[in-house]
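Bear in mind that the values in this text are calculations on the coordinates, not laboratory data. In this text, all values refer to a predicted model and were calculated from it rather than measured experimentally. Cβ placement follows ideal geometry from the backbone for every residue including glycine, while neighbour counts extend to all protein chains displayed.
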Amino acid sequence: MRTIFTLLLFSIGFQSFAQEVDADAVLQQVVQKLNSVKDYSVEANIKANIPLIKIMPVTASIYFKQKDKFKVVSKGIAILPKQGFTDVNAFLMKKGSYMAVSGGVKTIDDIKTNLISVIPTGETSEIILAKLWIDTKRDVIIRSQVTTRSSGTVLVDYSYGTEVQYGLPNQLVFTIDVKKFKMPKSVAADLNKTDKQKQKTADKDQKGTITIKLTNYKVNKGISDNVFKEK
């Protein structure tokens, strides 16, 4: 009986802790860190593992400037999902456009995180739901699961290195739904060319992964607006 009572107290205490987490406060700590980044450039190595399509690894240069300037320069086909890369950051910075709900404490790869569900308050938002697993010790997102109107659900795992103080990752691993995810036109054309037998295989294996490794960050060094102009 004493053991059952102890377990009951522990369960109540854990639930109370989850309820006491201020989801908005947790998010704003992340946003504050992201806001410290006025601009950056970084080199990216992109590897896509998409069923039925052979895509060679691609290198690219990425440029960002507050509040929404973003450009990717690459000689190859760079599949760079914006979900979890730029779209979530831009969404979180519009504080009045969503409500946040705490989902309690979750452990991911030995990192204790707070799960925060972010729900848009407007009906026209591209993002329908964002689940964010946040490391509150470093105020960074460890994992996100973003459901959008146009590209289905995208799961992203983040790793951090030298730029963690800015909330900038050194690696992102995207898990996508191939059928719903928006592919570059040339890649989508290759998918449409697959024969019926291959298409049956695709129906069974709809998930793909995109791994982006980021190196040589240059943060808050100043970037000209000319960089973002179309040539």
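Quick notes on this one:
- For segment 109-149: rounded, prolate or oblate by the Cα gyration tensor [a/c cutoff 1.5]: prolate
- Couplings for segment 168-177, taken from phi via the Karplus curve 6.51 cos²θ - 1.76 cosθ + 1.60 with θ = phi - 60°, read 9, x, 9, 7, 10, 10, 9, 10, 10, 8 Hz in order; Gly and Pro are left as x.
- Each of 139, 110 was scored by other Cβ atoms within 10 Å of its Cβ. Listed from fewest to most, they are 110, 139.
- Fully extending the segment from residue 215 to residue 150 would add 20.4 nm, taking 0.36 nm per residue of separation and subtracting the current Cα-Cα distance.
- Local electrostatic count at residue 76 - Lys and Arg +1, Asp and Glu -1, tallied over other residues with Cβ under 13 Å: +3
- Entries in 33/71; 75/106; 131/221 that, when Cα-Cα distance is taken, lie over 29 Å: 75/106; 131/221
- Each of 134, 128 has some number of other Cβ atoms within 10 Å of its Cβ, and from fewest to most they run 128, 134.
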